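The structure appears right after this line, and notes come after that.
Throughout, read-outs are computed from the coordinates displayed, never taken from laboratory work. None of these values were measured; they are calculated from a predicted model. Cβ sites come from the backbone with ideal geometry, for glycine too, and all protein chains shown count toward neighbours.
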Amino acid sequence: MKRIKPFLSKIKDLTHVGIANVVGTGILSIFWMFLASVLEPDGYGKVSYLLAIANIASVAAFLGAGQTIIVYIAKGLKLHHTIYILSLITGVISATLVFLVQASIEVSIYVIGYIIFNLVIHEVLGAKLYTKYSKFVISQRIMLVILATIFYFSFGINGIILGYGISFLPYSIFLYRGFKGAKIDFSQIKPKVGFMMNNYGRDLSKILSRSLDKLIILPLLSATILGNYQLAFQVLIVLTLIPTIVYQYVLPRQASGIQNKKIKGLAVVASIVISFIVLFAAPIIIPTIFPKYENVLDIIQIMSFAVIPMSITLMHTSKFLALEKSRHVIISAAIFLLVQIFGIIILGDKYGAVGLGVATLLAAISEASYLSIINRVWYYSK
């Protein structure tokens, strides 16, 4: 009985994280599928292009704060309020630069909102307040869909970005409450700058790997091909849901010294099963739902196999971040980015949308291979 209670507690916590991600991703996916049904492929591509700019600007301003906050709060180190100040300052700078260069107030609002919301939810995850995390994620997604839909029909494509940005802002009240009685001491961060910058580099590499492709594809190929690719990428995000849930659950636990080998293994097995289900089910489902997107079926089938190496990558990433060995994680993310970019330029130019799917798969395999080798070397060198 003593062993059963802790096990049930773990399942309950994992369930809260899982519900947040399943419902949150489900809401977003339905919204993106709705957009795919009302927009032509080129319009869908243009929306993803604007969001790519917004996401790169946001992560560039975030300074790797997310994983840093999770790890140090889990370890009982009170550094997060100082990190908040740094991130908010750089957020205002980034939002201002975006407005001056892009002349888009919608993207600027998105940048500020993104930083506020992500500071809040990463603090909640670090404190292992999984129920609160679930409530925040789901409520934000609901607001996003409502606002983005209303603003789309009012202002067009830019209204979608505005809806995204405004949906983050209500959570600023939780950030404000957290500052009450807080002490800001920049000297405390100095010894931790290396870890924070490695996380920053990892976050930049990750967002570039998810967004830079869109900035390249639109001018290199076309908005229509980008629209097909973006739809396939949205499906890939849904497929990586289980490993992402496990990653978010095990990271603060591993940072606290708790091992999670069995659940990590199950996440990888689940990703293999998911890949084969999509391979056989996609030809039946996709053409019926998205008849306007002619090339998307082939891309989805190819990219579905990227779920397996992506799952392996996430499991290794949680281990290295918990050990504060984030240098390996940033190198792996950079490998993904380089392979993907060269793949897009070479394979995309030659094979079009299908080449883009192959480029993503090769990038995922390269990243997972590097981390697996480093993990094996690290294990035997102990």
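See the values below:
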{"item": "Fewest-first ranking of 376, 253, using other Cβ atoms within 10 Å as the exposure measure", "result": "376, 253"}
{"item": "Kyte-Doolittle mean at least 1.6, axial Cα span of 15 Å or more - DSSP H helices of the chain", "result": "105-126, 261-289, 326-343"}
{"item": "Of 196, 315, 143, the one that fluctuates the most in a GNM where the chain has Cα springs shorter than 10 Å", "result": "143"}
{"item": "Euclidean distance of C-alpha centroids, the stretch 96-139 and the stretch 286-337, integer Å", "result": "23 Å"}
{"item": "Loop sites in the stretch 80-187: trypsin sites (Lys or Arg not before Pro), DSSP, at most 11 other Cβ within 10 Å", "result": "180, 183"}
{"item": "Taking the chain and dividing mean pair separation by its residue count, relative contact order in percent (alpha carbons under 8 Å, at least six apart)", "result": "21 percent"}
{"item": "Modelled FRET efficiency - R0 25 Å, residue 153 with residue 102, Cβ distances, 0.05 increments", "result": "0.60"}
{"item": "Test item: Cα-centred dipole of the stretch 9-375, Lys/Arg +1 and Asp/Glu -1 on Cβ, debye", "result": "1540 debye"}
{"item": "Cross-link pairs beyond the 28 Å C-alpha cut-off, checked among 75/183; 183/262; 264/350; 75/264", "result": "183/262; 264/350"}
{"item": "Calculated FRET value between residue 139 and residue 42, using beta carbons and R₀ = 25 Å, to 0.05", "result": "0.15"}
{"item": "Sites matching trypsin sites (Lys or Arg not before Pro) across the stretch 263-363 that sit in DSSP coil, with at most 10 neighbouring C-beta atoms within 10 Å", "result": "none"}
{"item": "Highest-MSF residue in the chain out of 66, 43, 76 [GNM, Cα springs under 10 Å]", "result": "76"}
{"item": "Unit charges at the beta carbon, dipole of the chain: most positive-side option, 169, 56, 354", "result": "169"}
{"item": "Within a Gaussian network of the chain (alpha carbon springs, distance under 10 Å), most fluctuating of 70, 272, 83", "result": "272"}
